[in-house]
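**Q** Sending over a structure as structure tokens; questions will come in a sec.
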Amino acid sequence: MAKQSTISDGIRQLPSGKFQARYKAPDGSRRSLGSFDTPKAAQRALTLKEEEIEQHTWLDDRKAATPFYQFAWVVFAHKERALKRSTVINHKSILNRILIPAFGHLALQDIRPHAVETWHSGYRGGPVQRQHAYARLSNYLNHAVRWEYIRANPCQVPGGFSDPSAERPAWGVEDFRKALLAASPEFKPVLLTAFSGHLRAGEVMGLNIGDFDPETAILTVSRSLSNAEGLKETRGDQAGLPDGPGGRRTS
């Protein structure tokens, strides 16, 4: 059986006749750069890698080979505590439904600008959803750059972060009066409360009859309701005027 022979420090000839280049990584481990047809080619690869280490531009190829799905969940867990519950649910949904099916099997180093742009141009889930998913993908890959898994973020789609949603029309007093005239009698108090108290839809749905004090004419907003979070206690704001110290609003 042919034996391996050392040509120079870091280069050895394999039984196959090819030449393997190995180097010492900053963490002290020995890493292979692969096999080459000639000692010169192996030495060239070794020299380039040693220059990266000396110039502090070296990246751990083992980290770069991390699958996107694995890295994305690490980032998700890192950020989860700082996010509202509704945001957590939204981010998890984007990961499970869109990003992991598209990129989950790829190593971070294999997610190239062309792959991202191909996915972006072929996405059929609607422009707003696509923009949200693209922003999440870019955020995860920005973490990969900062944590030194990859050198650059491959999310480079021109206009990819542009908000595609149409501008919401302004709703004035006359518009409210028209809506009030068209509303059913049982719904008129809901519209009056929301409009005069500047309440969000979730805050209106969270109201109880005991939240209004007829003696002081103050409405206390202590709950909100949403599809993502269900019924949630708020700060106990009082509805009416703009936010003041402590987040209190009065009317």
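**Q** What number of residues within the range 126-165 are free of Cβ contacts under 8 Å to residues at least 24 places away in the same chain, more than 18 Å from His91 (Cβ to Cβ) and over 16 Å from the mean Cα position of the chain (by Cα)?
**A** Of the residues in that region, 3 qualify.
**Q** Would it be correct to say that Gly230 is small (Gly, Ala, Ser), assigned by TED's automatic domain parsing to the domain that holds Phe187, at pLDDT below 85 and surrounded by 14 or more Cβ atoms within 10 Å (Cβ to Cβ)?
**A** no
**Q** Among the residues of the range 168-199, which ones are without any contact (Cβ under 8 Å) to a residue 12 or more places away in the chain and either hydroxyl-bearing (Ser, Thr, Tyr) or touching a Ser or Thr at 6+ places or on another chain (Cβ under 7 Å) (or both)?
**A** Listed by number, the list holds a single entry, Ser184.
**Q** When the range 197-214 is examined, which residues are found to be part of a helix (DSSP H, G or I), small (Gly, Ala, Ser) and touching a strand residue (DSSP E or B) at 6+ places or on another chain (Cβ under 8 Å)?
**A** Passing the criteria: Gly197, Gly202.
**Q** Something else about it: From the list Ala194, Ala179, Ala170, which one is under 36 Å from the mean Cα position of the chain (by Cα) and in a helix (DSSP H, G or I)?
**A** Ala194
**Q** Is the range 53-64 home to any residue that is part of a helix (DSSP H, G or I) and over 30 Å from Arg136 (Cα atoms)?
**A** Yes, there is a match, as at least one residue in the range 53-64 is part of a helix (DSSP H, G or I) and over 30 Å from Arg136 (Cα atoms).
**Q** Follow-up question, since we're still on this one. Given the condition farther than 30 Å from His132 by Cβ, touching a Pro at 6+ places or on another chain (Cβ under 8 Å) and surrounded by 11 or more Cβ atoms within 10 Å (Cβ to Cβ), answer yes or no: does some residue in the range 17-33 qualify?
**A** Looking through the range 17-33, at least one residue is farther than 30 Å from His132 by Cβ, touching a Pro at 6+ places or on another chain (Cβ under 8 Å) and surrounded by 11 or more Cβ atoms within 10 Å (Cβ to Cβ).
The values are calculated or read from the model by the stated rules, or taken from the named source; none is laboratory data. In this text, all values refer to a predicted model and were calculated from it rather than measured experimentally. Glycine also receives a Cβ, built like all others from the backbone with ideal geometry; neighbour counts cover every protein chain displayed.
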